[in-house]
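Trainee: My questions all concern the structure below.
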Amino acid sequence: MTVAETNTRRAVLRVRPGQFVATPSIQQVATRALRYLQSGFSVHLCGPAGTGKTTLAMHLANCLARPIMLIFGDDDFTSSDLIGSQSGYTHKKLLDNYIHNVLKVEDELKQNWVDSRLTMACREGFTLVYDEFNRSRPEVNNVLLSALEEKILTLPPSSNQPDYLQVHPEFRAIFTSNPEEYCGVHSTQDALMDRLVTINMPEPDELTQTEILVQKTGISREDALLIVRLVKTFRLQTGAEKTSGLRSCLMIGKVCGEHEIVAKPSNADFRDICADVLFSRTNLSLSESSSIFWELLNKIEAETLNFSAEPPIPVVEEPVSLENLVDHEQQIHKYLQEKQKADFNEIHRALNLSRSQIKVALDSLVQKKLLNKQDRFFTLFELNES
Ligand SMILES: Nc1ncnc2c1ncn2[C@@H]1O[C@H](COP(=O)(O)OP(=O)(O)OP(=O)(O)O)[C@@H](O)[C@H]1O
């Protein structure tokens, strides 16, 4: 394997499949973006921090099924960081002793050119994900203009390479950026923006945030929804809307999930976690933040109590068909058909599923009245129990 091949292998990023949560609203944005990419255009995902731009960019790159090169915008970038540079030397010494008493020595010292990730992607037709590209200075990004429009990348004369590199037809770039009012970002160049299709990414909707929380932290849907609503309302009331609340929700959800802390306003541990995560994200004083927070918790608590005090509405439920269960649910249901009774750890040991996958599937099976949980054991739901 040549040095260039080794460098390429090292630079290619592998995306772990199965990490992306696609709800209808995300799927709609993904479909739009993929359409542009498939028609040969590069795409720019723009939006506040934590709205899922990088995650979507990696998902789109994965859908294009080409190797992925990832770069992060940086104020210190120079054009050689984007195009490539001379690096190291090759030393060649030729000893010619053809005539035994005449020794001819040729000594050559040659600099090696190393492609940057952008150059590599243009040469090989890879997908470039340029995350937060407006953190790099606009003049550094100029090299992209001809690569995107004329499909030519200009290399410096010192590169020992042809001056112009013809961009591979499968090359695509996916850019992400935060709005210009963010600290440390430069204003975007009109010329570059004119060559891209920009999709604005707002804060993910409630369903999307809840699904991401359930899938990534393994907490119940009910807890996830409460966290999403609490974070959203707190941010609205404290004016901390510059960033998305998704990262805060994920932090709270992960800690609650891993430490088995129930998301309830009456639970002191839960309140502490929320306060620690949320208060530092507002510009308000501690006392202002905590008074808004307490008021909000009291309101949620009252709503929950009122809700549970109402007489239950009789629902005629359609029996859930086993064929309609997702894979993990089917595996667990089948296992319990054989075993009759098992606790969480037995199921985890027996099936090749993660703890969070099992937790989500078990909650869903109990909710669908296909499983029964007593103490820590799960059994199949018997019809006469209903
Ligand atoms: N569709 C999704 N599926 C799974 N996880 C997601 C999804 N969207 C966002 N996330 C999770 O939400 C968090 C924030 O997402 P991400 O880093 O993509 O946001 P961003 O908009 O790129 O943020 P920033 O501008 O700060 O870089 C991450 O932990 C990410 O894993």
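Please treat every number below as a calculation from the coordinates, not as lab data. The model shown is predicted, which means the values in this text are computed figures rather than measured ones. Counting neighbours? That spans all protein chains shown, and the Cβs are built from the backbone with ideal geometry, glycine included.
Trainee: Using the per-residue mean of other Cβ atoms lying within 10 Å as a proxy for protection, in what order, highest first, do the peptides 219-227, 335-343 fall?
Mentor: Final packing ranking: 219-227, 335-343.
Trainee: How big is the range 143-280 along each principal axis, measuring the range of its Cα positions in Å and listing the largest first?
Mentor: 68, 29, 27
Trainee: Related question: ³J(HN,Hα) across the range 209-224 via Karplus (A = 6.51, B = -1.76, C = 1.60, θ = phi - 60°), whole Hz, x for Gly/Pro?
Mentor: 4, 5, 4, 4, 5, 4, 5, 8, 10, x, 7, 6, 4, 5, 5, 4
Trainee: Can you list residues whose amide H is under 5 Å from L70's amide H, if they're 5+ apart or on another chain and H is modeled 1.01 Å from N?
Mentor: Under 5 Å from the amide H of L70 lie the amide H atoms of L13, V129, each far enough along the sequence or on another chain.
Trainee: Let me ask something additional. Indicate the gyration tensor shape class of the range 13-74 (rounded, prolate or oblate), computed on the Cα atoms with a ≥ b ≥ c the square roots of the eigenvalues: a/c under 1.5 is rounded; otherwise a/b larger than b/c is prolate and the rest oblate.
Mentor: Working: a/c = 1.14, a/b = 1.05, b/c = 1.08.
Rounded is the answer for the range 13-74, as its axis ratio a/c remains below 1.5.
Trainee: Amide H of V114: which non-local residues (sequence gap of 5 or more, or other chain) have their own amide H closer than 5 Å, using H built in the peptide plane?
Mentor: Amide H neighbours of V114, under 5 Å, 5+ apart: S85, Q86, S87.
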